[in-house]
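Read through the structure below, which is laid out as structure tokens, and then see the notes.
What follows draws every value from the coordinates through simple rules; no lab data is involved. This structure is a prediction, so every number in the text was calculated from the model and none was measured. Quick reminder, even Gly has a Cβ in these numbers, built from the backbone with ideal geometry, and neighbours come from all protein chains shown.
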Amino acid sequence: MKEKIHLHQIHPVLPVWDVVDALDFYVNRLGFRIAFADDSKNPKYAGIIRDDIEIHLQWHDRKEWEFEIDRPMLRIVTQNIEGLYEEYGEKDVYHAHTLLRETAWGTKEFAFYDPFKNGLTFYRDISSK
């Protein structure tokens, strides 16, 4: 009998122009911890973890940011969306239009961009509640 194939994790890679600054933002403002870095002083690639979420940060030349298109958008599921919204509100990470809202597709969510224009949406399903 063949062993069942099961996909169980994904580790998205976000482009950043300064990995140290990105680590500072994700660790000190979003509550992640450093999982690894390819260099302790001047990393070009690093991973961060919070609970069951692992995100990788990869250096890209700042010239790539001259274009305002094709930035990743991550959708991260959480159970206590209200608590996370409050936690991040205290860390001053939101943009002027960041709101916790219920959507027509049955989620409660909020979204904002990191300092490198990568989109982060945090949500929970409310359609069956």
Arrange the peptides 94-104, 53-63, 79-89, 114-124 so that the one whose residues have, on average, the most other Cβ atoms within 10 Å appears first. 114-124, 53-63, 79-89, 94-104
Within a 10 angstrom radius of the beta carbon, how do 20, 13 rank from fewest other beta carbons to most? 13, 20
Quick one: length gained pulling residue 92 to residue 124 fully straight, 0.36 nm per residue minus the C-alpha distance? 9.4 nm
Among 44, 4, what is the fewest-to-most ranking by other Cβ atoms within 10 Å? 4, 44
Checking the cross-link filter: which lysines have an alpha carbon closer than 25 Å to that of residue 41, excluding same-chain neighbours under 8 positions apart? 63, 117
Apply the a/c threshold of 1.5 to the C-alpha gyration tensor of region 23-129 and tell me whether it is rounded, prolate or oblate. prolate
Looking at region 1-47, I'd like the Rg to Rh ratio, where Rg is from alpha-carbon atoms and Rh is Kirkwood's inverse mean 1/r. 1.19
